[in-house]
Every structure is written in C-alpha cells, then in structure tokens.
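Here the structure comes first, spelled out in structure tokens, and everything after it is commentary.
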Number of protein chains: 2
Amino acid sequence: MPVGTQGTVKAVPQDTLESLGAQIILGNTYHLYLRPGHEIIRRMGGLHRFISWPRALLTDSGGFQVFSLSALRKVTDEGVQFRSHLDGSSHFFTPEHSVEVQIALGADIIMSFDECTEYPATRARAEESLRYTMAWARRSLAHFRDHREDVPWFDPKVCRTQCCFGIVQGGMYADLRRECAERLVEMDFDGYAIGGLSVGEPRELTLEMIAAVLPLLPKDKPRYVMGVGYPDEIEQYARMGVDMMDCVLPTRAARHALLFTSEGRLNIKNKQYAEDQNPPDPACDCPVCRRYSRAYLRHLVQAGEPLAATLNSIHNLAYYLGIMRRVRKSLEQKPVPAATDH
Amino acid sequence: MPVGTQGTVKAVPQDTLESLGAQIILGNTYHLYLRPGHEIIRRMGGLHRFISWPRALLTDSGGFQVFSLSALRKVTDEGVQFRSHLDGSSHFFTPEHSVEVQIALGADIIMSFDECTEYPATRARAEESLRYTMAWARRSLAHFRDHREDVPWFDPKVCRTQCCFGIVQGGMYADLRRECAERLVEMDFDGYAIGGLSVGEPRELTLEMIAAVLPLLPKDKPRYVMGVGYPDEIEQYARMGVDMMDCVLPTRAARHALLFTSEGRLNIKNKQYAEDQNPPDPACDCPVCRRYSRAYLRHLVQAGEPLAATLNSIHNLAYYLGIMRRVRKSLEQKPVPAATDH
C-alpha cells in the first residue's frame with residue numbers, strides 16, 4: 001500500500017496511482033487530524049471524496065506518529081497527551097477520539113489505537129506498553145461498534161460501513177506478541193495488524209516476531225504488517241502469508257534519488273549515470289522505464305527539478321506493486337505448503 | 001509554448017503535456033549549457049531524445065538569461081562575458097557559440113544571439129544595444145548556415161534540419177524596432193521574434209512595440225513574441241497576428257498557488273477555499289478540474305505537498321492552451337480584417 005500521509009502519495013497524481021494498479025492507499029490520521037482537520041474532511045464527505053480516490057483507503061490510528069513525530073508525549077491509561085510537530089499546540093488522543101477521527105475520515109479500514117513500543121525496550125516496559133495497547137484495542141472496538149454508522153458516506157439502505165483492525169504489539173518479546181494476538185482475536189476484529197516493527201531492530205528479529213504471531217491470526221481475515229519494508233522483505237513476508245503491508249520507503253527513497261530495480265538499488269544521482277541511455281530498470285515496463293533514461297533522471301535530480309521526485313516515485317511504486325503482483329500470481333498457481341497456509 | 005527551462009516543464013510529466021495538447025515546448029540554452037552541458041545532450045542525440053519529447057522544441061539564444069540571471073556581465077562587440085548563477089564560473093558567449101550550443105541541443109527552432117535591452121534605457125543605450133543585436137544576428141545566421149548539418153539528428157537522406165529565427169530588439173523606440181525588423185527580414189531568417197518586451201514597461205508600451213513591428217514581418221513566416229504574458233495579453237496578441245508566444249507565467253504562478261480561470265485569478269491558498277467543493281474552474285475540462293476540488297488543492301498548498309505544483313501547473317497550462325485553441329478556431333472561422341491580416 002503506497003502511503004499518502006497528508007492525503008496525497010507524495011508527488012504522484014491519483015490517476016497515475018490508478019494506472020499503476022494501486023488498489024489501496026494509506027492516509028495518516030495524525031497528519032490529517034492536524035491539517036486540514038478531520039471535521040473539514042467529514043464535511044467534504046470523507047477522505048475518498050476529499051482527495052478524489054475512489055478505491056480503498058486505510059487510515060492508521062495516529063499512535064505511531066504520536067510516538068515518532070510529536071513532542072512532550074505523555075501516556076496515561078486514558079490516552080496520550082502530545083504537542084503538534086507543526087505548531088506546538090497541545091492535543092489529547094484517546095482510543096475513542098482516534099476512532100472518532102477515523103470515522104470522520106471515512107477510510108474503508110481503520111486501525112485501533114495502540115502504543116508503539118520503542119526499541120530497545122525492557123520486558124517491564126514492553127509489558128506496560130502492551131497493557132495500554134490491549135485496553136485501548138477493546139475501547140477502540142467498542143467505540144467503533146457504537147458509532148460505525150457515523151461514517152460520512154453511510155447509506156442505511158446498504159449498511160456498508162468501515163472495517164476495524166486490531167494491532168498486535170509486544171515489543172520484541174515473542175510471548176507477549178502471542179498473548180496480544182490471542183486477546184485481539186477473541187475481540188473479533190475485521191482484520192489484524194502486526195505493529196511496532198521496523199523501529200530499529202535487526203531484521204532477523206522482525207522476521208521472528210512476524211513468524212511468532214502470524215499462525216495465531218485467522219487465515220480468513222486480512223493480516224497486515226505495518227511499516228515494512230525493502231523489496232526483498234515484502235516479498236518474504238507476503239510468501240509467509242502476510243496479506244497487506246505499507247511503507248513510505250518506495251516514495252521516500254525516490255525523493256532521495258534511490259531507485260529499486262531488478263538489478264539492485266541504484267543511486268540515480270551518481271555521476272556514472274550522466275550519459276547512461278538505459279531505462280532506470282531494463283526489466284521494468286512502468287511508464288518511467290518505458291519513456292526516460294537514467295541520464296535524464298540523473299539530470300532532473302542534479303538540477304533540483306520537481307519532476308525527479310515524481311518520476312522516481314512512479315518507478316519505485318511500480319516496482320513494489322510489481323513484486324506483489326508476482327507473489328500473488330505464484331501463490332495462486334502453486335499448492336501452498338502447510339506451514340505458510342494462506 | 002510552455003517553458004521547460006532545464007529540459008522539463010517544471011513539475012509536469014511529458015505525457016501529461018502531450019495529453020494537454022502542447023505542440024511545442026521551450027528549453028533554455030543558458031541553463032542547459034551550464035547543466036547538464038550541451039555536449040552531454042549532443043551525445044545523447046539531442047534534447048528531444050534526452051528529455052523524451054518527440055514533438056517540437058525551441059531553444060532561446062541564452063541572451064535573455066545572461067541578461068537576467070548571471071553576474072558580472074560584460075558586453076563587447078565580440079560577445080558577452082558572464083559568471084554562472086550556479087557556481088560563479090566564468091563563461092564567454094559569442095553569437096557563434098550560442099548557435100553552436102543550440103545546434104548541439106538540436107531543437108527544431110533556434111534563436112539568433114541577441115542583447116536584451118533593459119528598461120528603462122536611453123535612446124543612446126538602446127541604439128548601442130541594437131547595434132550588438134543586429135551584428136550578432138548576422139553572425140548567428142552565418143554560423144547556423146555553415147553548421148546546420150551538425151545537428152545530432154541530421155539525416156543526409158532527408159536533409160531536414162533546424163530553423164533559425166531572428167530577434168527584433170530596439171528597446172521602447174518604435175523607429176529602432178522598425179529598423180531592426182527591416183534589417184532582419186533582409187537577412188531572410190526562417191521566422192522572426194520580438195524580444196526585449198515584458199521587461200518592466202507598462203503594457204501599453206508592449207502593445208505599441210508589437211503593433212509597430214508586426215506589419216513589417218513576413219506573414220508567411222512564424223511571428224513570435226517572447227516572454228509574454230497574462231491570459232488576456234496572449235489572446236490580444238494572437239488576434240493581432242502573433243503566431244507564437246512563450247511564458248513561464250502559467251507554471252511559475254501555479255507554483256505560487258495562483259490559478260488562472262474563466263472567473264479570473266484565484267489564489268488557491270486563501271482560507272475561503274478550505275471547504276470549496278467546486279473545481280478550480282467550473283468552465284474548464286482539464287484533468288485537474290475534472291477530478292479535484294478547490295478544497296483539496298488548497299490543502300495540498302497548505303501542507304507543502306509537491307502535488308500542489310503539479311496539479312496547479314496542469315490546470316494553468318490547460319487554461320493557456322485552451323485560449324490559444326479558441327483563438328485559432330475563431331481565426332479559422334471568420335474573415336480576418338485587413339488591419340490584423342494574418
């Protein structure tokens with residue numbers, strides 16, 4: 001899922017995302033709550049209509065951005081007090097408020113409010129954090145069930161509404177992760193995410209946590225690993241049975257001139273590409289690789305041209321979406337081994 | 001003609017320009033000479049191929065940017081010594097060198113090297129400047145005629161090559177302008193431009209200079225007014241018989257959140273648009289007006305999102321190209337009065 005933090009996948013127009021085959025994009029609750037504000041988006045008919053994106057949308061709970069971006073964060077049983085990274089203004093997020101904001105935004109999938117455990121964290125700290133996350137998951141779901149008909153696009157005739165996913169936390173302690181997963185599954189969410197990964201831990205640990213949790217999550221509901229990863233990671237996790245992933249990496253790397261290709265990573269700023277007439281990735285048939293040379297992309301970066309971010313992002317997103325398309329195809333074709341039953 | 005200063009119309013992908021109906025775009029010789037360098041572009045097969053733009057291209061002579069951007073400019077009969085605005089490095093442009101660079105870039109239309117007269121300028125200064133421009137026009141054309149087969153895409157079988165236009169200068173003195181026009185026409189360029197306008201003078205003076213020069217330029221060759229203008233200006237000049245115009249205004253204004261619409265100028269940053277669900281211009285059928293609301297464009301600008309520049313530029317270019325399409329159509333349909341014989 002390409003990430004559209006502020007209601008736009010940075011530098012890429014919506015019609016381009018559609019033609020690349022993006023089926024769902026993310027919006028960040030924390031950012032959209034601060035600017036333009038969820039009440040404005042509610043009055044505009046919800047995020048789909050506001051940003052003109054008719055396909056699926058997912059909003060996160062705001063928990064991760066509060067954790068990573070805001071200042072003077074103070075966590076209590078009730079919720080999180082924090083200051084905006086934009087203007088220092090003070091805000092208080094509770095599970096109920098996070099869900100209320102997400103209902104106003106009206107994405108197809110919303111996330112329960114969680115506390116992202118930092119890395120490294122002691123076991124005691126991970127246990128405390130997990131206690132918040134589990135209590136908040138229960139309150140998020142209760143509030144969602146009571147207010148799901150408040151979504152801006154609710155139509156009483158069809159009764160279609162949003163889905164709410166729970167988020168498994170537990171730091172890097174497999175038993176805490178498993179406990180969290182079991183409790184969340186008892187609550188019967190519409191889908192399950194594994195959060196609090198890719199926060200600085202070695203990759204083997206990420207993999208270990210995913211492997212510990214995945215078998216406990218229902219196979220007939222979406223299983224989502226949040227905030228990952230590099231191309232080989234997302235392929236690996238998808239083959240393990242992960243259904244959804246999101247990451248800013250393809251677009252953020254693109255804005256820093258880093259391209260992901262079938263030949264490996266390519267820093268298109270490098271002088272060696274100044275006269276390279278090859279497409280960024282000779283094996284790629286995205287609109288950028290079909291039309292432009294490495295030499296031209298390198299020039300755009302060197303000249304500080306905004307088109308650099310756009311073209312690099314389009315290629316990287318095409319590359320990521322292409323990986324997922326290939327994995328889906330190969331999973332459809334071959335019998336799935338029991339260990340990664342999907 | 002949308003302006004693609006550094007080999008890109010800022011923030012707008014080439015396929016979008018094509019779908020908007022842009023038939024020709026500009027490249028700036030001064031910028032491309034400094035970065036990536038004309039020799040690189042020559043080795044890449046010319047600018048069309050380097051930037052992947054199969055339609056027509058025009059490069060200016062570099063004279064205007066040397067005049068407006070570079071430091072420590074020193075003009076002699078031989079040419080202009082100047083320092084790069086990028087790194088302060090010293091460069092010397094002669095008419096022969098400007099043409100050589102433009103042949104390397106390989107645009108369909110190149111411009112003779114001129115000296116842009118500042119505004120205001122005394123008659124003596126305008127006369128001196130004009131003397132340079134006329135001598136340089138002759139040298140530009142001679143060098144072009146001797147070296148036109150050096151263009152990177154030259155094909156001896158078809159002998160198709162570039163066109164070279166002369167530039168009328170003369171400050172705000174109609175008689176100097178007329179004298180210049182007559183001399184250039186004697187030299188038999190492939191087309192004629194009126195330069196040195198929109199340099200700070202009142203609009204009536206711009207109009208007066210165009211009206212003075214236009215009747216002296218052959219009607220069967222392109223007549224090009226450089227660096228104009230606002231939407232009503234380009235319509236007015238086109239109806240007077242001007243065939244070509246270029247301006248950074250639609251794209252530069254777009255990057256500053258200024259939209260040109262059938263209802264006038266619209267500063268999309270303004271708070272009044274925060275919840276405005278109307279398209280930027282209700283009378284426009286460009287891809288931006290068909291898909292996005294004022295509220296969304298306002299949000300993108302407020303949030304500092306790169307998509308703001310892209311969408312605003314697409315709309316403004318569509319608006320400008322739409323004006324020209326309408327003028328063309330009405331000129332085709334009605335008998336043209338003698339005074340603006342076209």
Exercise. Specify the residue with the greatest mean-square fluctuation among B:C116, B:C159, B:C180, computed from a Gaussian network of chain B linking alpha-carbon atoms under 10 Å apart.
Key: B:C159
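Could you check how much of the accessible area of chain B is carbon and sulfur, as a whole percent, using a 1.4 Å probe? Could you put the intermediate results ahead of the total?
Values: 6850 of 13660 Å².
Accessible surface attributable to carbon and sulfur in chain B totals 50 percent.
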Practice problem: Among the aspartates and glutamates, select those whose C-alpha is under 19 Å from the C-alpha of A:K329, and discard any that sit fewer than 8 residues away in the same chain. | Solution: A:D220, A:D232, A:E233, A:E235, A:D243, A:D285, A:D341
Self-check item: region A:20-64 versus region B:231-246: alpha-carbon centroid distance in Å
Solution: 43 Å
Self-check item: Exercise: per-residue mean of other protein chain Cβ atoms within 10 Å, A:288-300
Solution: 4
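Only helices at least 24 Å long along their axis, Cα-based, and averaging -1.0 or more on Kyte-Doolittle count here, so list those DSSP H runs from chain A.
Values: long enough: A:123-147 (35 Å, -1.08); A:306-333 (41 Å, -0.07).
Going by DSSP H runs, the hits are A:306-333.
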Self-check item: Three-way shape call for region A:1-125 based on the alpha-carbon gyration tensor, with the a/c threshold at 1.5
Solution: prolate
Quiz item: How about B:K10: which aspartates and glutamates have a C-alpha closer than 15 Å to its C-alpha, ignoring those fewer than 8 places off in the same chain?
Solution: A:E305, B:E18, B:D246, B:E305
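Taking only protein heavy atoms into account and a 1.4 Å probe, give the accessible area per residue of region B:214-287 in Å².
On the way: 3270 Å² over 74 residues.
I get 44 Å² per residue for region B:214-287.
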Exercise. Mind listing the label-point distances from A:D155 to the same position on all other copies, shortest first, one decimal in nm, points 7 Å along Cα→Cβ?
Key: 5.4
Quiz item: Averaged over peptide B:306-313, how many Cβ atoms belonging to another chain are found within 10 Å of each residue's Cβ?
Solution: 5
Self-check item: GNM flexibility winner over chain B from B:D188, B:D108, B:D146 (Cα, springs under 10 Å)
Solution: B:D146
Quiz prompt | Ellipsoid semi-axes in whole angstrom, largest first, where each is sqrt(5λ) of the Cα gyration tensor of the protein assembly as shown | solution = 57, 27, 21
Quiz prompt | Inter-copy label distances at A:A274 (7 Å, Cα→Cβ; nm, one decimal) | solution = 5.0
Self-check item: Cut-off under 5 Å, modelled amide H: who pairs with A:G229 long-range
Solution: A:I234
Quiz prompt | Whether region B:47-191 is rounded, prolate or oblate, judged on the alpha carbon gyration tensor where a/c under 1.5 counts as rounded | solution = oblate
Self-check item: Beta carbon of chain B nearest to the axis of the rotation taking B to A, residue and angstrom distance
Solution: B:P306, 3
Quiz item: Along Cα→Cβ at 7 Å, what distances in nm separate the A:S52 label point from those on the other copies, shortest first?
Solution: 2.3
Exercise. Starting with the highest mean, order B:218-225, A:197-204 by the number of other Cβ atoms within 10 Å, averaged over the residues of each peptide.
Key: B:218-225, A:197-204
Practice problem: Would you look at the GNM of chain B, springs on alpha carbons closer than 10 Å, and say which of B:E208, B:E186, B:E233 moves the most? | Solution: B:E186
Exercise. Excluding residues on the same chain fewer than 8 positions from B:K334, give the lysines whose Cα lies under 30 Å from its Cα.
Key: B:K219, B:K221
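In terms of the Cα gyration tensor, with a ≥ b ≥ c the square roots of its eigenvalues, is region B:184-342 rounded because a/c is under 1.5, prolate because a/b exceeds b/c, or oblate? Show your work: numbers first, answer last.
Details: a/c = 2.78, a/b = 2.10, b/c = 1.33.
Here region B:184-342 falls in the prolate category.
Which percentage, to the nearest 5, of the DSSP beta bridges contained in chain A is antiparallel? Could the numbers behind the result be given before it?
Working: 11 of 30 bridges.
In chain A, approximately 35 percent of DSSP beta bridges are antiparallel ones.
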Quiz prompt | Residue-wise HN-Hα coupling along region A:44-55, computed from phi with Karplus coefficients 6.51, -1.76, 1.60 (Hz; x: Gly, Pro) | solution = 7, x, x, 5, 3, 6, 4, 9, 6, 10, x, 8
Quiz prompt | Size of the A/B contact, given as accessible area buried on both chains, probe 1.4 Å, in Å² | solution = 3300 Å²
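Restricting to bridges with both residues inside the protein assembly as shown, how much of the DSSP beta-bridge set is antiparallel, in percent to the nearest 5? Walk me through the numbers on the way to the answer.
Numbers: 22 of 60 bridges.
The answer is about 35 percent antiparallel.
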Quiz prompt | Rounded accessible area per residue of region A:153-194, 1.4 Å, Å² | solution = 42 Å²
Practice problem: Find, to one decimal place in angstroms, the Kirkwood hydrodynamic radius of region A:81-148, where the mean of 1/r is taken over every pair of different Cα atoms and then inverted. | Solution: 13.3 Å
Quiz item: Residue by residue, what Karplus-based ³J(HN,Hα) values in Hz, rounded to whole numbers, does region B:270-279 have, using 6.51, -1.76 and 1.60 with θ = phi - 60° and x for Gly and Pro?
Solution: 4, 4, 4, 9, 4, 10, 8, 7, 5, x
Quiz prompt | Amide H contacts under 5 Å for B:I167, placed H, 5+ residues apart | solution = B:S112, B:A193
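The values are calculated or read from the model by the stated rules, or taken from the named source; none is laboratory data. From a predicted model like this one, the values you see are computed outputs, not experimental measurements. In this analysis, Cβ positions are derived from the backbone assuming ideal geometry, glycine residues included, and neighbour counts consider all displayed protein chains. All accessible areas refer to the heavy atoms of the entire protein, side chains included, with ligands and DNA or RNA removed. Shrake-Rupley method; radii C 1.70, N 1.55, O 1.52, S 1.80 Å.
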